[in-house]
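The values are calculated or read from the model by the stated rules, or taken from the named source; none is laboratory data. These numbers were taken from a predicted model, which means no experiment stands behind them. For neighbour counting, all protein chains shown are included, and Cβ atoms are generated from backbone atoms with ideal geometry for every residue, glycine included. Just so you know, the surface numbers come from the protein's heavy atoms only, side chains and all, with ligands and any DNA or RNA stripped out. Shrake-Rupley method; radii C 1.70, N 1.55, O 1.52, S 1.80 Å.
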Number of protein chains: 2
Amino acid sequence: MKYKKKDRQNKLVEMIEETPFITDEELAKKFGVSIQTIRLDRLELSIPELRERIKNVANKNWNEELRALPVEEVIGEVVNLELDNLAISILDIKEEHVFSRNKIARGHHLFAQANSLAVAVINDELALTANAEINFTRPVKVGERVVAKASVIDQDKNRTIIEVKSYVQDELVFEGKFYMFRSAEK
Amino acid sequence: MKYKKKDRQNKLVEMIEETPFITDEELAKKFGVSIQTIRLDRLELSIPELRERIKNVANKNWNEELRALPVEEVIGEVVNLELDNLAISILDIKEEHVFSRNKIARGHHLFAQANSLAVAVINDELALTANAEINFTRPVKVGERVVAKASVIDQDKNRTIIEVKSYVQDELVFEGKFYMFRSAEK
DNA sequence: ATTACTATTAGGACCTAGTCATAATAGTGG
DNA sequence: CCACTATTATGACTAGGTCCTAATAGTAAT
């Protein structure tokens, strides 16, 4: 009974993350408490109201700085982007990313995050991966947050070399060198 | 004389398309008319209210995030599997696999097909990709069918090397060498 | 049991960005 | 001037909240 509040608040955070388009009223019903309690919880947890949450999700897609490349084409969430220079994205490893047997992330998700970030950082309509050398340096488990950092390390007429390093906390979990084709020269 | 009704409505459509997060009040100011006029205009043009517009953008974003990568065990359909020897899978490239701009398949899908096939061919509970060298030899377009063939080319105590070649018809579109870890020895 | 404290619930005033319905007024064409 | 459209005004109502105050319930320590 003592931890009831805590438990509820933890579940609340989870639930709102999963289905952010949920009203206080619906939440109150699900938890069997009053709307006021839900609102107190949100206040304590600094979770904004429904409309703000919707706006945030919508804004992700409408961020003017990111409009060079449609954001939905990047795996993970882009948190920083300087075209032709560097980019950073975050991918939270969830159940759907891992092998059910051992809860280790499937390689192709880490690859997808890195590869799509490499595409995003290139300021070009047509950016294609020609080849890549990649390394999975440490297994990533469910619940971990992978931060991928892409940086352009070489660039000539129509080829760009991009290095992507992905970390969980300070630990390197993936690194890759991507050789990309561009349509136009710089 | 300001804008005529028709003109204003045309401009209105444009403006809302450009900056969908604009209130009727702001629109009224921009056009120098009353809020009611703007609302009549929206009614005639069947443009939903601000909150609905935001919700639409948000929903689009949300759906696209959810379909980032398919969740199935193996990406593509396995048509042949001999454990510790070879495996073949087919992946039909659809709209959701390609860049909207040029209809070319995103590299990570080809990688995912190859990598998950490499995992599948290994007769082991725990098979992880350690590193890989990959080559995208030809862009794959929407509508094409990619056939991936994985074959074990070397195997020792707890490492397996797998070569995957992917074809569209007879054309090689992707090749990769995957260095995989296994938990148990053979 | 009394006090202290947290947790929960309740209520009201106010807010934004609308909806819908009704009515009055302005501007223009014939 | 009349008819008609366009515009504006007004009021009642809505969802999904915020913010503030106040009452009550439950538990813990003295």
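The figures follow:
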| quantity | calculated |
| --- | --- |
| Flag for B:V98 being open to solvent by less than 40 Å² (accessible area, probe 1.4 Å), at pLDDT below 90 and assigned by TED's automatic domain parsing to the domain that holds B:E133 | yes |
| Residue check, B:A130 touching a strand residue (DSSP E or B) at 6+ places or on another chain (Cβ under 9 Å) and under 18 Å from B:S89 (Cα atoms) | no |
| Residue list for the stretch B:154-178, filter: in contact (Cβ under 8 Å) with a residue 24 or more places away in the chain and open to solvent by 40 Å² or more (accessible area, probe 1.4 Å) | B:Q155, B:K157, B:N158, B:R159, B:E171, B:L172, B:E175, B:K177 |
| Leading residue by the ranking (farthest from B:F21 (Cα to Cα)) among those in the stretch A:1-36 that are open to solvent by 40 Å² or more (accessible area, probe 1.4 Å), of a type in the set (V, I, T) and within 12 Å of DNA strand D (Cβ to nearest atom) | A:I35 |
| Some residue of the stretch A:140-158 being in a loop (DSSP other than H, G, I, E, B), within 8 Å of another protein chain (Cβ to nearest Cβ), at pLDDT 90 or above and under 18 Å from A:D170 (Cα atoms) | no |
